[in-house]
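Have a look at the structure below before the remarks.
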Amino acid sequence: MSARDRLRIAIQKSGRLSDASQDLLARCGLTFRRSRDKLFCFGESLPVDLLLVRDDDVPGMIADGVCDLGIVGRNVLAEQALGAGPEPAFRELRALGFGQCRLSLAVPQESTWEGPAGIASQRIATTYPNLLADWLRRHEVEAKIVTLSGSVEIAPRLGTADVICDLVSSGATLAANQLREVATVLESEAVLAGGAALPNDERAGLAQMLMRRIDGVIQVRVSKLVMLHAPRAALDAITRLLPQGQPPTIMPIEGSVDDIALQAVCTDAITWQHLEDMKRAGARQMLVLPVEQMLA
Ligand code: PRT
Ligand code: ZN
């Protein structure tokens, strides 16, 4: 691979990951000049250029050195890694927190499910034969993999398979096809992928800077500022219930002896369950606010 002083990153041209990928790069401060063919976009703010491609092409382009980094579903990356021999030339660098879905096994609504052994010698339709074969091997089940290029969910109705192994997010597609999800083969989301090793020229520093910025963007995305009032006696219990984050700031409330105000930046996701648990412990007037920027 020849030395280059500009980094290239490939993202999906149009599909489920396109908007969020472009948004992530924009939040990292990258701007691009749109070219007429819209496949190659010249980076204006930094020497980082963009390639707009099919998601399936991202791992191969990294392996061939056509690009240095890429954003792709873990499902695609892991499937192709299994097909690339013992040392694939690409790897997952960061999980990006969007494009969540799972590769799951599903059976017709009316069939019973008695664990992996129950599908021995059945036909399983999928577009992910490597991941499925790997799962079957790990569960010591022998079954027949029927590799399709799409429309996996109708295979049982067509009589070409007994079971399917497909991506699921809301589950609506399975329900519409009278299928029931029974096991997860892979939890997936969009990931930043890169070569087995970082390039050893100017691009290394650029890649590291981009990853630092991505980490910052992801951190801010899940971070929340939590504000609440509570009796002073409940302070310890409530602090223990807060998701991970910086130590809380405790403030007196004017005119109140027993109550205090608490403010904390939580860097782990805060859920309704957290709020309900804190309410039970005595917290009141809880507010959860998004964090726009952070500089420690
Ligand atoms: O043209 P190109 O090859 O680039 O795009 P593509 O059609 O291969 O990919 P695309 O855009 O459909 O998906 C890109 C990536 O999005 C996938 O590789 C996953 O990592 C991720 N993703 C997240 C999903 C889903 N959610 C998803 N729900 N990919 C596909 N689906 C399918 C699923 O298979 C089902 O058939 O969407 C259907 C609806 O899902 P339900 O469960 O919400 O009904
Ligand atoms: Zn694709």
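The values are calculated or read from the model by the stated rules, or taken from the named source; none is laboratory data. Note that the coordinates shown come from a computational prediction; the quantities given were computed from them, not determined experimentally. No Cβ is skipped: glycine too gets one built from the backbone with ideal geometry, and neighbour counts run over all protein chains shown. Protein only, heavy atoms only, side chains kept; ligands, DNA and RNA dropped before computing areas. Shrake-Rupley method; radii C 1.70, N 1.55, O 1.52, S 1.80 Å.
Details
- Test for residue 190: is it surrounded by fewer than 20 Cβ atoms within 10 Å (Cβ to Cβ) and near ligand 1 (Cβ under 10 Å from one of its atoms): no
- Look at (1) in a strand (DSSP E or B); (2) hydroxyl-bearing (Ser, Thr, Tyr); (3) within 27 Å of residue 205 (Cα to Cα) and you find that residue 21 fails only one, number (1).
- Within segment 72-88, considering residues that are in contact (Cβ under 8 Å) with a residue 60 or more places away in the chain and surrounded by 17 or more Cβ atoms within 10 Å (Cβ to Cβ), the one farthest from ligand 2 (Cβ to nearest atom): 88
- With respect to (1) more than 15 Å from ligand 1 (Cβ to nearest atom); (2) outside any loop (DSSP other than H, G, I, E, B), the lone exception for residue 86 is condition (2).
- Candidates 124, 154 - the one that is of a type in the set (A, V, I, L, M) and surrounded by fewer than 18 Cβ atoms within 10 Å (Cβ to Cβ): 154
- Sole exception among (1) in contact (Cβ under 8 Å) with a residue 24 or more places away in the chain; (2) assigned by TED's automatic domain parsing to the domain that holds residue 206 for residue 113, by number: (2)
- The set of residues in segment 1-33 being within 16 Å of ligand 2 (Cβ to nearest atom) and of a type in the set (S, T, N, Q) consists of 12, 14, 18, 21.
- Just one of the numbered conditions (1) farther than 21 Å from residue 219 by Cα; (2) in a loop (DSSP other than H, G, I, E, B); (3) modelled with pLDDT of 95 or more; (4) not small (Gly, Ala, Ser) is not true of residue 30: (1).
- Which listed residue is closer than 30 Å to residue 180 by Cβ and either open to solvent by less than 60 Å² (accessible area, probe 1.4 Å) or not in a loop (DSSP other than H, G, I, E, B) (or both), from 10, 117: 117
- Positions within segment 64-75 being more than 9 Å from ligand 1 (Cβ to nearest atom) and on the phi < 0 side of the Ramachandran plot, in sequence order: 64, 66, 67, 68, 69, 70, 71
- Residue match in segment 264-278 (condition: closer than 30 Å to residue 55 by Cα, outside any strand (DSSP E or B) and touching a residue at least 12 places away in the same chain (Cβ under 8 Å)): yes
- Search result, residues across segment 148-168 that are touching a strand residue (DSSP E or B) at 6+ places or on another chain (Cβ under 7 Å) and within 15 Å of residue 129 (Cβ to Cβ): 148, 152, 155, 160, 161, 163, 164, 165, 166, 167
- Of all residue pairs spaced 6 or more apart or on separate chains, those with beta-carbon atoms under 7 Å, a first member in segment 39-67 that is basic (Lys, Arg) and a second member that is open to solvent by 60 Å² or more (accessible area, probe 1.4 Å) are 54/13.
- Qualifying residue in segment 40-63 (condition: in a loop (DSSP other than H, G, I, E, B), within 16 Å of ligand 1 (Cβ to nearest atom) and more than 21 Å from the chain's Cα centre (by Cα)): no
- Just one of the listed residues (82, 96) is in contact with a Leu (Cβ under 7 Å, 6 or more places away or on another chain) and farther than 27 Å from residue 216 by Cα, namely 82.
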